[in-house]
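Below: one structure, written as structure tokens.
The values are calculated or read from the model by the stated rules, or taken from the named source; none is laboratory data. Remember, predicted model here, so these are calculated numbers, not experimental data. As a convention, Cβ positions derive from the backbone with ideal geometry for all residues, glycine included, and neighbour counts pool all protein chains shown.
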Amino acid sequence: MSAFNKVTEQSSHYRHLEKMSIHELLTNINEEDKIVPLAVEKAIPQIESLVTAIVDKMLAGGRLFYMGAGTSGRLGILDASEIPPTYGMPHGLVIGIIAGGEIAIQRPVEQAEDSWEQGWLDLQQHNVDINDVVIGIAASGTTPYVIGALDEARKRGIVTGCITCNEGSPLAQAAEFPVEVVVGPEFVTGSTRMKSGTAQKLVLNMISTSVMIQIGRVEDNKMVNMQLSNSKLVDRGTKMVMEGTGINDYDKAKALLIKYGSVKKAVDSLG
């Protein structure tokens, strides 16, 4: 694995960053960021295959797991945590797991990502089985914690995918449905929280949003199953109820929404 050529570790295209003005820094970072969506576009066929597999498993009652270390792990946890409030899905349907456990969400845990065995052990805590999908996230594509988890999952017939920013990496080889988004060297050499992290976030958005739409959690272009967890969302939901039912009275629509707990149930109650 040490001989693997990591584009993510190659030297930045820019030199002497410390001599740049603030305007130059911002402009050059922005120029590099423009590369990311084009790289994601090239990976759409891979993303499509992975999403199709996830939808099939979720419709059959399965769950989705994200596995990662450092920035990659935190991005997976972020995406997973947004599914219940956005789409009204139960906690535990999409699960983010990070090397080092909860403490690693805010602080690095030394050498946590270097264990080949721990990733699978962490998955076993959730009773992962063949109805589930496990996606490994690692910019380098060489993180032992993630690769080890995918290796064991795949041996047991569990659907596996990955998101990585190097082509032909060990992680991609371990995954049944690899997604490779090659964004090139980082502005600050090796700082994969930048372009690579942005690419991973975009792909995670695409995966979870597409899956939720496919399993019926969106109607038209609306989050009709979102949780009413704050006043902004109650206001948004009330307006959606007004639009969906033809009710012109804001307070009446709001009362209906609060009674039924979701836009979909409120609209359906008058159907």
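Before moving on, here are some points about what is shown:
- Across the range 172-184, the number of residues qualifying as assigned to a helix (DSSP H, G or I) and more than 12 Å from R154 (Cα to Cα) comes to 1.
- Hits in the range 56-102 (condition: among the aliphatic types (A, V, I, L, M) and either assigned to a strand (DSSP E or B) or outside the structural domain of I207 (by TED's automatic domain parsing) (or both)): L64, M67, V94, I95, I97, I98
Yes or no, residue by residue, for (1) over 30 Å from G237 (Cα atoms); (2) among the hydrophobic types (A, V, I, L, M, F, W, C):
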{"position": "T52", "(1), (2)": "no, no"}
{"position": "M67", "(1), (2)": "yes, yes"}
{"position": "G92", "(1), (2)": "no, no"}
{"position": "G100", "(1), (2)": "yes, no"}
{"position": "I130", "(1), (2)": "yes, yes"}
{"position": "G136", "(1), (2)": "yes, no"}
{"position": "E152", "(1), (2)": "yes, no"}
{"position": "K155", "(1), (2)": "yes, no"}
{"position": "I163", "(1), (2)": "yes, yes"}
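- No other residue among A69, A80, A60 is surrounded by fewer than 19 Cβ atoms within 10 Å (Cβ to Cβ) and among the hydrophobic types (A, V, I, L, M, F, W, C) apart from A60.
- The listed residues are V263, V267, V234, and the only one of them that is surrounded by fewer than 17 Cβ atoms within 10 Å (Cβ to Cβ), within 23 Å of T209 (Cβ to Cβ) and either β-branched (V, I, T) or in the same structural domain as T209 (by TED's automatic domain parsing) (or both) turns out to be V234.
- Entry remark, the range 133-153: residues being touching a residue at least 40 places away in the same chain (Cβ under 8 Å), of a type outside the set (A, V, I, L, M) and either touching a strand residue (DSSP E or B) at 6+ places or on another chain (Cβ under 6 Å) or in a helix (DSSP H, G or I) (or both) number 3 in total.
- Condition met for M240 (at pLDDT below 95 and crowded, with 20+ Cβ neighbours inside 10 Å): yes
- Taken over the range 8-25, the residue count meeting the criterion of being assigned to a helix (DSSP H, G or I) and closer than 14 Å to K195 by Cα is 2.
Residue-by-condition table, conditions (1) under 12 Å from P170 (Cβ atoms); (2) among the acidic types (D, E); (3) in contact with a helix residue (DSSP H, G or I) (Cβ under 9 Å, 6 or more places away or on another chain):
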| position | (1), (2), (3) |
| --- | --- |
| W116 | yes, no, yes |
| G119 | no, no, yes |
| H126 | no, no, no |
| D132 | no, yes, yes |
| I147 | yes, no, yes |
| A153 | no, no, yes |
